[in-house]
Amino acid sequence: MKLLVKKFGGTSVGDKERILNVARRCAADWQAGNNIVMVLSAMGKQTDVLIDLAHQINPDPPKRELDMLLTTGEQTSVALMSMAFAGMGIPSVSLNAFQVSMHTTRVYGNARLKRIDTDRIEHEIESRKIVIVTGFQGVNKYDDYTTLGRGGSDTTAVALAAALHADSCEIFTDVDGVYTADPRIVKGARKMKEISYDEMLDLATLGAGVLHNRSVELAKKYNVPLIVRSSLNESEGTVIKEVAKVEGMLVSGVAADKNTTRISVLGLEDRPGVAFKLFDLISKKNINVDMILQSIGRDGTKDISFTVGSDDGQTAIDAIRENLKSLHAKDVSFNENVSKISVVGAGMMSSPGVAAKMFECLYNSGININMISTSEIRVTVLIDRDDTDRAMQAAHDAFGLED
Ligand code: ASP
Ligand code: MG
């Protein structure tokens, strides 16, 4: 008897028909003798609808109350799913984060899971019920609801699979796997059979919307085999695991991230401690910094440019403006009209020339590079946002990823 964790995203439970369809599909696995734990997202775009409603009432809603509101989305879908099973005569129970006890850190809107009590779920499984758990939510030490950040249901599913030592963790979505690039944008994009945790982590972090990046981090840490597949058809999907077949490819995939803003701090004094002061200020605002570029000092001053997520852009700029004096900086400028394009592949670890090839293909397409950052398995460039789609196609073609 296997324990299968199955997560269904918003589209997969978007309406009555789809909920019933998912229930039938899981019922078949249950009838075959498996134990099933399901994790659901809110129906369709319900989370967006709720966020929009909140902002109509108050443009800056208290974060605690926003989480209180958003958790209702997932609670709706799990209750409906359990009703679907009841209608089929199959025993099931829906549980929210409180009922399970999914403990998270304090922060509202972007909490991290700390611990999951598995007693209740195990008890329900033992009585052969299908257990249906709300994704995306947790409870903090004040007994308040928290949420795990947009797309966080994937992380709930992986965390549950790890805590329950499940045999597999399937992420059902509206695409049938992980592609070499977004197939809606890039001609010739191809579904991958498998990909390593590290590559998937970079792709997820750098804009491939298919998985929440923290879910991949967790899956790697606890060695949970992850499968991304479609809820609408039976096709095989993509397996994410420790070591994937590299298939002789330098690059496995291309990702684009438009959710980025470039900030440049100009005329900083060129002496020790300046970068520390600047990034300390940013981190105290709880803002993640991504690419960083520091110019060579000239005439006793230097410039530092960096990127942050678009949502954090204004907060970061305001903080720097207010502190220009104490930072010993002359000015700050920013550009919101930028994108990050990344090529990712474990194969590049042992092969030189990937960066050069990337720059060459962008040059051939007349695309200018604003910033560059690299890791062992990734090359990322910052470019004008208008060039995003062209750059993706160019990189995808240059690295021979097409069918
Ligand atoms: N419903 C949440 C969202 O839309 C969580 C999720 O779908 O994973 O972000
Ligand atoms: Mg998602």
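Quick note: the coordinates plus some simple rules give every number you see, no bench work behind them. Values in this document were obtained by computation on a predicted structure and should not be read as measured data. Glycine gets a Cβ as well: all are built from the backbone with ideal geometry, and neighbour counts include every protein chain shown.
Looking at this structure, is M68 over 24 Å from H165 (Cα atoms) and more than 16 Å from ligand 2 (Cβ to nearest atom)? Yes.
May I ask you to list the residues in the stretch 134-185 that are more than 11 Å from ligand 2 (Cβ to nearest atom), aromatic (F, W, Y) and assigned to a strand (DSSP E or B)? The answer is Y145, Y179. Between S12, S92, the distinction of being more than 23 Å from R150 (Cβ to Cβ) and surrounded by 19 or more Cβ atoms within 10 Å (Cβ to Cβ) belongs to S92 only.
Pairs under 7 Å by beta carbon, first residue over 17 Å from D67 (Cβ atoms) and in contact (Cβ under 8 Å) with a residue 24 or more places away in the chain in the stretch 34-52, partner within 13 Å of ligand 2 (Cβ to nearest atom) and in a strand (DSSP E or B), six or more apart or different chains? Listed pairs, sorted by first residue: M38/F8; V39/K7; L40/F8. Looking at (1) more than 27 Å from the chain's Cα centre (by Cα); (2) charged (D, E, K, R); (3) within 16 Å of ligand 2 (Cβ to nearest atom), which is the only condition D29 fails? Against the list (1) more than 27 Å from the chain's Cα centre (by Cα); (2) charged (D, E, K, R); (3) within 16 Å of ligand 2 (Cβ to nearest atom), D29 comes up short only on (3). Residue pairs whose Cβ atoms lie under 7 Å apart, separated by 6 or more positions or on different chains, with the first residue in the stretch 161-182 and closer than 19 Å to S41 by Cβ and without any contact (Cβ under 8 Å) to a residue 60 or more places away in the chain and the second of a type outside the set (F, W, Y) and surrounded by 21 or more Cβ atoms within 10 Å (Cβ to Cβ), are V175/V210.
Scoring E74 on the criteria (1) under 24 Å from the mean Cα position of the chain (by Cα); (2) without any contact (Cβ under 8 Å) to a residue 60 or more places away in the chain; (3) on the phi < 0 side of the Ramachandran plot leaves a single failure, condition (2).
Quick one: is N223 over 20 Å from L95 (Cβ atoms), of a type in the set (S, T, N, Q) and within 14 Å of ligand 2 (Cβ to nearest atom)? Here the answer is no, as N223 does not meet what is asked. Filter the stretch 360-373 for residues that are crowded, with 16+ Cβ neighbours inside 10 Å and either assigned to a helix (DSSP H, G or I) or under 22 Å from the mean Cα position of the chain (by Cα) (or both) and give the result. Passing the criteria: C361, L362, S373. Applying the criterion of being in contact with a helix residue (DSSP H, G or I) (Cβ under 6 Å, 6 or more places away or on another chain) and part of a loop (DSSP other than H, G, I, E, B) to the residues of the stretch 105-120, the residue that is surrounded by the most Cβ atoms within 10 Å (Cβ to Cβ) is Y108. The residue that is farthest from the chain's Cα centre (by Cα), counting only those in the stretch 279-300 that are surrounded by 15 or more Cβ atoms within 10 Å (Cβ to Cβ) and within 23 Å of T205 (Cβ to Cβ), is Q294. Exactly one residue out of E376, E336 is surrounded by fewer than 20 Cβ atoms within 10 Å (Cβ to Cβ), closer than 23 Å to D312 by Cα and under 23 Å from the mean Cα position of the chain (by Cα): that is E336.
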